[in-house]
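What follows is a short report on a single structure.
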Amino acid sequence: MSSRRRRARHQAERARAARRKVIRRAARRVRPGPGVQARATTTAAAAVAAMVAAGVGAPVAATALAADAGAATAAQCGAAGTDALRAVCDDPHTPGSYPDLVDVGGTLFFFGRDSDNHSEGLWKSDGTTDGTVLVSYIGPRGRYSYYEPPVASAGDRLFFTSYHPDFGEELWTSDGTAAGTVRVKDIARGHAGSYPDDMTAVGDTLFFTASSNDAGRELWRSDGTKAGTVMIKDVRPGRRGSYLDKLTNVAGTLYFTAKDGAHGFELWRSDGTDAGTALVKDLNPGKPDSYPASLTDVEGTVFFTADDGAHGRDVWSSDGTDAGTVTVKDLPGNARPDALTGAGGRLFFLANDATTGRELWTSDGTTAGTTLVRDIRPGQYSSRPDWLTAVAGNLFFTARDGVHGEELWTSDGTESGTVLVRDITSGDGYPPENLTAIGDTLYFSADDGVHGRELWSSDGTGAGTGMVKDINPHRNYFGPESLTDVGGTLFFSGDDGVHGEEAWQSDGTEAGTALVADINLGGWFSVRQGRADTRAGTLKVKVMVDATGRVTVAPVGDSEFKKATATSVTGERVGLTLAPTRAGLRQLHRTGRLPVKARFTFTPCGVTGSSQTHRYVLRMR
């Protein structure tokens, strides 16, 4: 997950915690039992009133429950199918599966955690709730990966990495069925793992880097079978590895950077064979590095930046031959070109010519045709363009012109055709991000200072740029993430304030923007030992839960402590006290210690509960 997304998620969690605090104060003394319906109704209304008084936006579901909280509680508690749950279900917020989305041949695949197995699972979806199904759990039960694993699609197969204690991190593939979701090959034999990375599809073949027992990190390819997964070339013989990076598909040929020991970091190409994998050109002759970067395909030509040791970092182009690899233009000063992007058959990039600051440039591949597009922020100050994205032959990006904040712009490669699309952000809003092309439409997330970060779309005109839907009514929502084109339909991860972060889809209209499926209804919990009171012979235990529900701790066998329960109102930490029975107290007075075995059960609203068993020793001095 990106640092920006991680910060946004943490800020959103802090905001949720503030809302939970207000609700807890109103609902702290709720004890389900006889008359629970009346008390639940009163509590829900009190919670909403307290939130309003505190200036905190009440959740949509909580407002509805204020009118009929008792009925909702009875219905949801009954649906759980267990006598242990009589919790106050007055906040339906579920934790979310945090899906990582990928398009595989027009079908949505994603990784996420559900409420049944509480492990990382691979899912696929046709965009409907019924058509969103679990393909297979990945890894042992209860294990969930909090990082985004390398993932790519090649042909009609998904490739990804997963860890297993017997094999380490290795390459896996899936055809969308449980039987077809398998580890491809144990590349690094044993439990060390080869840690495949830099996955790049060229046609139906996956190229990637991996470390084996016999070589360092080198270039590999796979067709999804064990036999068809092979190292292409040991670019730098021995265990040190060639430090391959920046794998890029350019018109069916793989380009990458590597260091073979005889030359520095230079540009290489491969057709998937040993003989067809070779250095393109030694740009900085000998051992020094040219560090090619920002490899980009513009109608079959690879553009990149590199430093030949004489002219500084400039823009280069290559047709894959030594003679056809040339400098596009010797840019003035320390221009530091980067963010190369193709749009409309032209190259766009960012550079600083020491006169206009860091601005948008374009190139047709010739020296004369490589020019500054527009000095968006006049003078030496930079407009800091970002999020360069090609849509229907034009370029969209964000920039600051010195008058407006960081806003959405578009360009056709000419000065007059480079214009501000719309001044979206005002006040303390956040600039447009996550720019993604779906057909001829640009989708992105933006904050207009009123609705929080939400889903927007644009056709390149001010009138045709607007918010698609106010998905989350809370001002502190940090917006849709992982915008993905799946067969011409937009899918993304979003949080409406009720279901947690789940997969959504949109056709660009408010009515056509909807949750795909809520696959994680809650159920995860973790028991942590708290503080012992050796005078009373009790032990306070903290239980972390992820949804609304009831936590119960009960003695196992002849353990002499009292059953205890606690209600989690919005999914948070709850405390339980293991207190000895009279018989347990007598033993504590005699021996000073009381071994017990405790079964903890967490039952969220609407979900079957799960249990854990732990052993403790109560002590008394």
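The values are calculated or read from the model by the stated rules, or taken from the named source; none is laboratory data. All figures in this text were calculated on a predicted structure; none of them were measured in a lab. All Cβ positions, even for glycine, are placed from backbone atoms using ideal geometry, and neighbour counts span all protein chains on display. Side chains included, ligands, DNA and RNA excluded: accessible areas come from the protein's heavy atoms. Shrake-Rupley method; radii C 1.70, N 1.55, O 1.52, S 1.80 Å.
Once backbone amide H atoms are built at 1.01 Å from N, ILE471 has LEU455 as its partners under 5 Å, excluding neighbours fewer than 5 places away on the same chain.
How long is the gain from ARG619 to ARG582 if the chain were fully straight, where each residue apart is worth 0.36 nm and the alpha carbon distance is subtracted? List each step's numbers first, then the result.
Numbers: separation 37, 0.36 × 37 = 13.32 nm, distance 1.44 nm.
So the chain would gain 11.9 nm between ARG619 and ARG582.
The modelled label-to-label distance for the pair LYS542/ALA310, using points 7 Å beyond Cα in the direction of Cβ, is 6.4 nm.
So how do 514-522, 607-615, 199-207, 543-551 stack up, highest first, on mean other-Cβ count within 10 Å? Mind showing how you got there, number by number?
On the way: 514-522: 22.2, 607-615: 15.4, 199-207: 18.6, 543-551: 24.8.
Packing proxy ranking, top to bottom: 543-551, 514-522, 199-207, 607-615.
Note that the range 528-621 presents 52 Å² accessible area per residue, ligands and nucleic acids not counted, probe 1.4 Å.
Expressed in nm to one decimal, what extension gain is obtained for the pair ASP319 and ALA178 from 0.36 nm per residue of sequence separation less their Cα-Cα distance?
Taking ASP319 through ALA178 to full extension adds about 46.5 nm, to one decimal.
Overall shape: oblate for the range 432-514, with the ratio a/c of the largest to smallest alpha carbon gyration tensor axis at 1.5 or above and b/c at least equal to a/b. Approximating the spin labels as points 7 Å out from Cα along Cα→Cβ, the LEU420-to-ASP156 distance works out to 5.0 nm. The base-10 log of I(q)/I(0) for the range 553-621, evaluated at q = 0.13 Å⁻¹, reads -0.42 [Debye formula, identical scatterers on Cα atoms, solvent excluded]. Note on THR461 and HIS404: with the Förster distance fixed at 22 Å, the Cβ-Cβ geometry gives a FRET efficiency of about 0.85. Taking label points 7 Å from Cα along the Cα-to-Cβ direction, ASP204 and ASP271 give a separation of 1.9 nm.
Find the accessible area per residue for the range 208-287; the probe is 1.4 Å, ligands and nucleic acids are left out, and the unit is Å².
Numbers: 3260 Å² over 80 residues.
On a per-residue basis, the range 208-287 sits at 41 Å².
I'd like the FRET efficiency for VAL556 and ARG475, computed as 1/(1 + (r/R0)^6) with the beta carbon distance as r and R0 of 35 Å, rounded to 0.05. The calculated FRET efficiency here is 0.15. 3J(HN,Hα) along the range 240-251, derived from phi through the Karplus expression 6.51 cos²θ - 1.76 cosθ + 1.60 where θ = phi - 60°, amounts to 6, x, 9, 6, 4, 7, 6, 5, 9, 8, 10, 6 Hz, with x in place of Gly and Pro.
Quick one: length gained pulling LEU134 to ASN213 fully straight, 0.36 nm per residue minus the C-alpha distance? Don't skip to the answer; put the middle values down first.
Numbers: separation 79, 0.36 × 79 = 28.44 nm, distance 3.42 nm.
Using 0.36 nm per residue and subtracting the Cα-Cα distance, I get 25.0 nm.
Rounded to the nearest Hz, the phi-derived 3J(HN,Hα) couplings of the range 267-280 under the Karplus curve 6.51 cos²θ - 1.76 cosθ + 1.60 (θ = phi - 60°) are 8, 10, 9, 8, 9, x, 10, 4, 5, x, 10, 8, 5, 6, where x marks glycine and proline.
Would you kindly give the portion of the calculated P(r) for the range 462-617 that falls above 25 Å, as a percent of all Cα pairs? Mind dumping the intermediate values first?
Details: 6035 of 12090 pairs.
Cα-Cα pairs in the range 462-617 separated by more than 25 Å: 50 percent.
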